Structure formats: structure tokens, C-alpha cells
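Step one of this worksheet: look at the structure below.
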Amino acid sequence: MNQKDSKWQTKELAKTFLEGVRGAIPAANLQLEVLNKIVSMWSPAPSEILDLGCGDGVLGRMLLDAHATAHVTFADFSESMLEAAKKQIGNNQRATLIEADFSSAAWLNGFEAEKPFDVIVSGFAIHHQPDDRKKKLYSEIYGLLGEGGVFLNLEHVSSATLSVSALFDSFFVDHLFRFHRDTVPNKTRQEIEEAYYQRPDKEENILAPVETQCRWLREIGFQDVDCFFKVFELALFGGRKTSNEPMQPIGHNAASG
């Protein structure tokens, strides 16, 4: 798919995500707590952090506050997203905003001055990419990390069955309804549900199992790869680069989980 024609990469949908969806994502506090715990353990004094697909900038802002000497680069394809991130960071001199469309390797051209990164995080930005592009993007991320660098991906992943996927959708709609209830009290749950299922980017929601994506990370060379938590189709997974040389792909029996 040509990302220039993507329904996901539009100002209107970015605005809808920022105003009507991002704040309703379940387990948001847990996501931040676990992500920050991993970063603090594996990279306690990072100097360069990249928030890839920064959206509203919540992840990068949290890391900016947690690490007083770190420089954080906020990157996204959307001007709307970057404007929202800018509101999070204000005039902080330790932050840089870069417009980057990571649907192709051309996005790397804007990051020569910042690399290598100690930490790269992504929040609900990569699942719109096809599997082949996901794998290439993970390799590109690996190349941007310095030795010991940490990559953590907070993502929408696929369920094992359609039945479980339906359970997640219902769970998410419940959270959307509660999120909007105070601001638009006349909107019914049915209206929220219809908007959720008819959203313009639905066909571009290209999900892969977290187990498969963890296997890709191991094959690329990431160490200590794990899924650190999973709530239905919301998962935090990743690993770290502990060697400058990628590992050979591991065997099938060791690649599960």
C-alpha cells in the first residue's frame, strides 16, 4: 500500500485518535509504569531516546521527566501528532521534533545526528504496517540503537482467534463509551460501537501475533526479548541490543513466546 494514500495518515484521523481514542486506551497507567521500569533497569542513564510514532507525546514526555539528562527525539508522520507532542513538551531544550514517515527506509535520513540511541520506544504506531515492513523497520531500529540499547513497542497485536478478537473489541468499546460519557452524555454505546467498527483506517489495522513479532526481534539480534504484558490485544514487547553483530536466526524450538 502506498502510505501517501493511507487513510491512517490523515490530519482528520490523527485528530480523531488524539481527541477521541488515545485517552480511552485501557491500562494506560500500567503501560507507562512497566515501560519506565524496564528502561530504568536496562538503561538507567540514557542520553538519547527516540519516541517513534510519538502520537500525543505521552511516552516520550514520561521518559523526558524520568531522565533529567536525556535528550528525547519525538518523531511522527503527522503534523497533528507532532503539534500534540509539542504541547506535552513545551519549550524543553532537551526535546526535538522530527516529521518522519517510517513506511519506508527513507525515514532514517533524518536521524543521523541523533544516533546511536540508548532507548527507542513506540506507542501504537507500527501495527498499520504490513508484516514485511514491520520486520524491516525492526531491523532499522536495531541499527539505530547503540550497544546495550533498549527497544520497547507498545502495540495493538492480533488475538489467537476471532472469538477472542471480538471480546477485545467489546472491551475497547466499553472503555471508549466511558471515556466519552462525561463530555458527550447524549452519545449512546451503540453509536460509539458503530464508529469504532466503521473507522476509516480499519482495513489498515494490520495486526500480527506478539509471539511472531518477538521471534522477528530475536532473529534480528535483540536479546532478552519478551512480551512484558498483554491485555487482550494490547501488548508491550521488545528487547535490547547487547552486541554490535546481529545473531543468526534461532531454531524453531527456541523461538516461541
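The values are calculated or read from the model by the stated rules, or taken from the named source; none is laboratory data. The model shown is predicted, which means the values in this text are computed figures rather than measured ones. In this analysis, Cβ positions are derived from the backbone assuming ideal geometry, glycine residues included, and neighbour counts consider all displayed protein chains.
Hey, could you check the range 167-187 for residues that are acidic (Asp, Glu) and more than 21 Å from the chain's Cα centre (by Cα) and say which is farthest from residue 27 (Cα to Cα)? Steps first, please.
Restricting attention to the range 167-187, the residues satisfying the condition of being acidic (Asp, Glu) are 169, 174, 182.
Add one more test, that the residue is more than 21 Å from the chain's Cα centre (by Cα), and what stays is 174, 182.
Values: 174: 13, 182: 19 Å.
Across the range 167-187, the extreme among qualifying residues is 182.
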Quiz item: Applying the selection to the range 191-212, what residues are buried (at least 18 other Cβ atoms within 10 Å of the Cβ), under 19 Å from the mean Cα position of the chain (by Cα) and farther than 19 Å from residue 164 by Cα?
Solution: 204
Quiz item: So which residues in the range 41-78 are within 17 Å of the chain's Cα centre (by Cα) and charged (D, E, K, R)?
Solution: 51, 56, 61, 76
Practice problem: From (1) closer than 23 Å to residue 77 by Cβ; (2) out of contact with any His (no Cβ under 7 Å at 6 or more places or on another chain); (3) crowded, with 17+ Cβ neighbours inside 10 Å, pick out the condition that doesn't hold for residue 143. | Solution: (3)
Exercise. Just need a number here: residues in the range 44-99 that are touching a residue at least 24 places away in the same chain (Cβ under 8 Å), acidic (Asp, Glu) and surrounded by fewer than 19 Cβ atoms within 10 Å (Cβ to Cβ).
Key: 2
Practice problem: Search the range 146-160 for residues that are farther than 19 Å from residue 70 by Cβ and in contact (Cβ under 8 Å) with a residue 24 or more places away in the chain and pair each with any residue that is aliphatic (A, V, I, L, M) and outside any loop (DSSP other than H, G, I, E, B) when their beta-carbon atoms are under 6 Å apart and the residues are at least 6 apart or on different chains. | Solution: 155/235; 157/210; 157/235
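Condition check: part of a helix (DSSP H, G or I), within 24 Å of residue 129 (Cβ to Cβ) and at pLDDT below 95. Does residue 13 satisfy that?
Numbers: part of a helix (DSSP H, G or I): yes; within 24 Å of residue 129 (Cβ to Cβ): yes; at pLDDT below 95: yes.
Yes; evaluated as a whole, the condition is true for this residue.
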Quiz item: What tally of residues in the range 48-81 results from selecting those that are over 16 Å from residue 102 (Cβ atoms) and acidic (Asp, Glu)?
Solution: 3
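Tell me, please, whether a residue that is without any contact (Cβ under 8 Å) to a residue 40 or more places away in the chain and within 25 Å of residue 46 (Cα to Cα) can be found in the range 114-135. Before the answer, list the steps.
Within the range 114-135, the subset without any contact (Cβ under 8 Å) to a residue 40 or more places away in the chain is 132-133.
Filter once more, keeping what is within 25 Å of residue 46 (Cα to Cα): none.
So far as the range 114-135 goes, no, none of its residues is without any contact (Cβ under 8 Å) to a residue 40 or more places away in the chain and within 25 Å of residue 46 (Cα to Cα).
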Quiz prompt | Residues of the range 16-75 classified as in a helix (DSSP H, G or I), closer than 19 Å to residue 93 by Cα and of a type in the set (D, E, K, R), total | solution = 2
Quiz item: Is there a residue in the range 201-223 that is charged (D, E, K, R), at pLDDT below 85 and closer than 30 Å to residue 117 by Cβ?
Solution: yes
Practice problem: Give me a count of the residues in the range 198-233 that are farther than 19 Å from residue 121 by Cβ and of a type in the set (A, V, I, L, M, F, W, C). | Solution: 3
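Give the residues of the range 193-216 that are among the polar types (S, T, N, Q), touching a strand residue (DSSP E or B) at 6+ places or on another chain (Cβ under 9 Å) and part of a helix (DSSP H, G or I), sorted by residue number.
Step one: list which residues in the range 193-216 are among the polar types (S, T, N, Q), which gives 198, 205, 212-213.
So of that shortlist, the ones also touching a strand residue (DSSP E or B) at 6+ places or on another chain (Cβ under 9 Å) come out as 205, 213.
The one that is among the polar types (S, T, N, Q), touching a strand residue (DSSP E or B) at 6+ places or on another chain (Cβ under 9 Å) and part of a helix (DSSP H, G or I): 213.
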